[in-house]
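Encoded as C-alpha cells, the structure appears first; notes follow it.
The values are calculated or read from the model by the stated rules, or taken from the named source; none is laboratory data. A quick note: this is a predicted structure, and the numbers were derived from the prediction, not measured. Neighbour counts run over all protein chains shown; Cβ positions are idealised from the backbone, glycine included.
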Ligand SMILES: Nc1ncnc2c1ncn2[C@@H]1O[C@H](COP(=O)(O)OP(=O)(O)OP(=O)(O)O)[C@@H](O)[C@H]1O
Ligand SMILES: [Mg+2]
C-alpha cells in the first residue's frame, strides 16, 4: 500500500482532522466524508439531477445504481466539480467534503479533483510508458520525494506491480484492458486522493479482470473512500457496503429513491422501484 508518510500536495481546503470509525454500523452512525445537500444539476435548461441528499461514509464503498440515463455519471461528476466542465452545465446545492463546501467560491476546483479522483469507464492511459503514466501526475503536483519509489508503491497498491515491473518503459497502450484500468487506478492513487470516484470501471473488462479490480477496491478501502457507478447488480452486491438507487421522474430528472447498507437494499428494499430494478423489471 501507499505509505502513510508520503507528503501530500499543499491543501487550500482547510479540513478538520476526523477520527476514523470502524466496524459495521448504520449509515447514520458512520462518519461521512462527503455530504451532499440539496444538489440540483442542469445541462442548459434540462434539469438532470433533482434534490439529491446523500451522506457518503468514509473508507467504505458506496455503489450508485439505476437505469441508463438517470444521472449516475452526472452525479459523480458533481462530486469533484467535473460537471461544470461541460459548456452550459450548472449545479446548485452543497457538496461538503470534510465539512467544506466544494462549491464555495474560495475553493479551487483543481485541488478538489486532486483530493477526489476519478477513474473512467474506458481505461484511458496516456500514450506514454507505464512508468510515465504514474509519474506524470506526481510531477505536475510537484512531488519532491523519490519518484521511482512512489511509482512502485502506487503500482503495488493497484495490484499491478508484479505484472509490469519488467516493462515499466513499455508503452502503456500495449497492456491488456484490465491492466490498463489498474494502471489508471495506480495513476489516480499516486497523488493520494481521499475519495476515488469510479464510473463503471469494469464494463470493458472480462470477468477475471473484473474480479481483480473488485479485490483491489476492497483492499483500497483501508485508506480510501470509493464511490462506484455500476450496471452490474452482482458487482454492486459483491463489492459495496452501501448502495444508492437512482431513478428518473416523469421529466427525466434523476433522484435518489433509496440509500442504505447494500445487504438491506438488495434483500429488503423499501422502495418498490428498487425491487423492480434489481430484479430486472425496470431499466
Ligand atoms: N454533456 C451532456 N449534455 C447534455 N445532456 C447530457 C450530457 N451528458 C448527459 N446528459 C443527459 O443527462 C441525463 C443523465 O445522463 P448520465 O450520463 O448522467 O446518465 P447515467 O445514469 O450515467 O446513464 P448510463 O447508465 O447510460 O451511463 C441523460 O438524460 C443524458 O442524456
Ligand atoms: Mg453513465
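Hey, among the residues in region 220-241 that are in a helix (DSSP H, G or I), more than 15 Å from ligand 2 (Cβ to nearest atom) and touching a helix residue (DSSP H, G or I) at 6+ places or on another chain (Cβ under 8 Å), which one's nearest to residue 278 (Cα to Cα)?
Top of the filtered list is 233.
For region 65-73, indicate whether the set of residues that are under 13 Å from the mean Cα position of the chain (by Cα), within 11 Å of ligand 1 (Cβ to nearest atom) and farther than 20 Å from residue 107 by Cα is non-empty.
Yes, there is a match, as at least one residue in region 65-73 is under 13 Å from the mean Cα position of the chain (by Cα), within 11 Å of ligand 1 (Cβ to nearest atom) and farther than 20 Å from residue 107 by Cα.
Here is a check on your reading of the model: is residue 162 free of Cβ contacts under 8 Å to residues at least 12 places away in the same chain, loosely packed, with under 15 Cβ neighbours inside 10 Å and part of a helix (DSSP H, G or I)?
Taking the combined requirement at face value, the residue satisfies it.
Taking only region 68-77 into account, find how many residues are within 19 Å of residue 280 (Cα to Cα) and surrounded by 18 or more Cβ atoms within 10 Å (Cβ to Cβ).
3
Tell me, please, whether a residue that is within 21 Å of residue 58 (Cβ to Cβ), at pLDDT 95 or above and either within 16 Å of ligand 2 (Cβ to nearest atom) or touching a strand residue (DSSP E or B) at 6+ places or on another chain (Cβ under 7 Å) (or both) can be found in region 124-134.
No, region 124-134 contains no residue that is within 21 Å of residue 58 (Cβ to Cβ), at pLDDT 95 or above and either within 16 Å of ligand 2 (Cβ to nearest atom) or touching a strand residue (DSSP E or B) at 6+ places or on another chain (Cβ under 7 Å) (or both).
Any idea which residue in region 78-120 is surrounded by the most Cβ atoms within 10 Å (Cβ to Cβ), counting only those that are assigned to a loop (DSSP other than H, G, I, E, B) and within 16 Å of ligand 2 (Cβ to nearest atom)?
Applying the filter and picking the extreme gives 80.
Which residue out of 99, 44 is within 16 Å of ligand 1 (Cβ to nearest atom), at pLDDT 95 or above and at positive phi?
Of 99, 44, the one residue that is within 16 Å of ligand 1 (Cβ to nearest atom), at pLDDT 95 or above and at positive phi is 44.
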